[in-house]
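*Asks:* Sharing a structure below in structure tokens format, with a few things to ask.
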Amino acid sequence: MENSNSYGLIDLDRYPINDLAGEAGQRLIEETQAALQQDGSCSMPGFIRPSVIAKMAVEAGTLRHLAYLGPTEVTPYFFNYDLGKGNKLPVDHPLKRKGKRKLSQVAADLIPEHHLLSRLYYSTVLTSFLAKALDRPVYRNQDKYQSLNISMMNAGGCQQWHFDSGHMVTTLLLQAPEAGGVFEYVPELRSDESENFEQVQQVLDGDSKGIKHLALKAGTLSLFRGHYSMHRVTEVTGDRMRIQAILGFSTKPCLHGNLESSILHYGPRVAELEGVEL
Ligand SMILES: [Fe+2]
């Protein structure tokens, strides 16, 4: 399915990822790296051309009946149950705190190959750009369900404060809601050395100090170090659905996700397809 061009999807005048050796291409790499270094994130507004992003949103909208509402109350650590194992923790400890999550996701196996979003995901120029920006080889996630997802939030939709399991997440906003649905994050809140539960708890308790916002518009591609920076999406208001694509890339060549997680997030049909009894 891999393709060598991006079919005119990307604004290459603004983001010349097809010519990374050129002066403008090198500048783009430097700016991307500087943003990731300083802030743990990099937003590229207008990455996808406006006429294209509108078509991508329409195509994604045709899949809304296939989107599965996953767990609606989860801790900031999702699946990482082992963190709290064996500890007698107070009820307000971050490992025990469940926040409201209300979003539906379309799994990768349900997104048609001919959709513009698939063409973008499988274009080699995008993978090459990310590899240059991260200064290491980058591969597409190989998981049948988790590689490419579309997240949908109607009014009331939101995602609780959490850390991602993967080190880098690449997202593309396909359609912004009328209001709300703001992406908020606290940069580098934890590290490999420390979970920093104390400050995590302060954020969960409502301390807004240190919280940053990403102003996302339809067509913005974002790179985000979500493993270290806790983040959430505030509640969506209004009739227009917030639609976001999550493009799975990894520095590991053959990354497959956890099947239990896929069943949880994409529904019992995954268990049926994989022959797992629930
Ligand atoms: Fe996340």
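The values are calculated or read from the model by the stated rules, or taken from the named source; none is laboratory data. Computed from a predicted structure; not experimentally measured. When we count neighbours, we look across all protein chains shown, and the Cβ atoms used for this are built from the backbone with ideal geometry, even at glycine.
*Asks:* Filter segment 105-152 for residues that are of a type in the set (Ser, Thr, Tyr) and surrounded by fewer than 21 Cβ atoms within 10 Å (Cβ to Cβ) and give the result.
*Replies:* SER118, TYR122, THR124, THR127, SER128, TYR139
*Asks:* Residues that are under 18 Å from SER222 (Cβ atoms), assigned to a loop (DSSP other than H, G, I, E, B), touching a residue at least 40 places away in the same chain (Cβ under 8 Å) and not hydrophobic (A, V, I, L, M, F, W, C): does segment 95-113 have at least one?
*Replies:* Kept after step one, since they are under 18 Å from SER222 (Cβ atoms), are these residues of segment 95-113: 103, 105.
Restricting the remaining residues to those that are assigned to a loop (DSSP other than H, G, I, E, B) gives 103.
Next, only the ones that are touching a residue at least 40 places away in the same chain (Cβ under 8 Å) stay: 103.
Of the ones still in play, those that are also not hydrophobic (A, V, I, L, M, F, W, C) are none.
Checked against the condition, which is being under 18 Å from SER222 (Cβ atoms), assigned to a loop (DSSP other than H, G, I, E, B), touching a residue at least 40 places away in the same chain (Cβ under 8 Å) and not hydrophobic (A, V, I, L, M, F, W, C), segment 95-113 yields no hits at all.
*Asks:* Separate question: Would you mention how many residues in segment 204-243 are more than 12 Å from the ligand (Cβ to nearest atom), in a loop (DSSP other than H, G, I, E, B) and surrounded by 20 or more Cβ atoms within 10 Å (Cβ to Cβ)?
*Replies:* 5
*Asks:* Please verify whether ARG101 is of a type in the set (D, E, K, R), under 24 Å from GLU188 (Cβ atoms) and touching a strand residue (DSSP E or B) at 6+ places or on another chain (Cβ under 8 Å), treating the condition exactly as stated.
*Replies:* yes
*Asks:* Let me ask something additional. Return only the number of the condition from (1) of a type outside the set (S, T, N, Q); (2) surrounded by fewer than 18 Cβ atoms within 10 Å (Cβ to Cβ); (3) closer than 27 Å to VAL58 by Cβ that PRO177 does not satisfy.
*Replies:* Of (1) of a type outside the set (S, T, N, Q); (2) surrounded by fewer than 18 Cβ atoms within 10 Å (Cβ to Cβ); (3) closer than 27 Å to VAL58 by Cβ, only one is false for PRO177: (2).
*Asks:* May I ask you to list the residues in segment 90-104 that are surrounded by 14 or more Cβ atoms within 10 Å (Cβ to Cβ) and either more than 30 Å from LEU172 (Cβ to Cβ) or modelled with pLDDT under 90 (or both)?
*Replies:* HIS93, LEU95, ARG97
*Asks:* Could you please give the count of residues in segment 1-57 that are outside any loop (DSSP other than H, G, I, E, B) and surrounded by 13 or more Cβ atoms within 10 Å (Cβ to Cβ)? Spell out the reasoning first.
*Replies:* From segment 1-57, those outside any loop (DSSP other than H, G, I, E, B) are 3, 10, 23-39, 41-44, 48, 50-57; that's our starting set.
With surrounded by 13 or more Cβ atoms within 10 Å (Cβ to Cβ) added as a condition, the list becomes 3, 10, 24-26, 28-29, 31-33, 35-36, 39, 41-44, 48, 52-57.
Residues meeting the conditions: 24.
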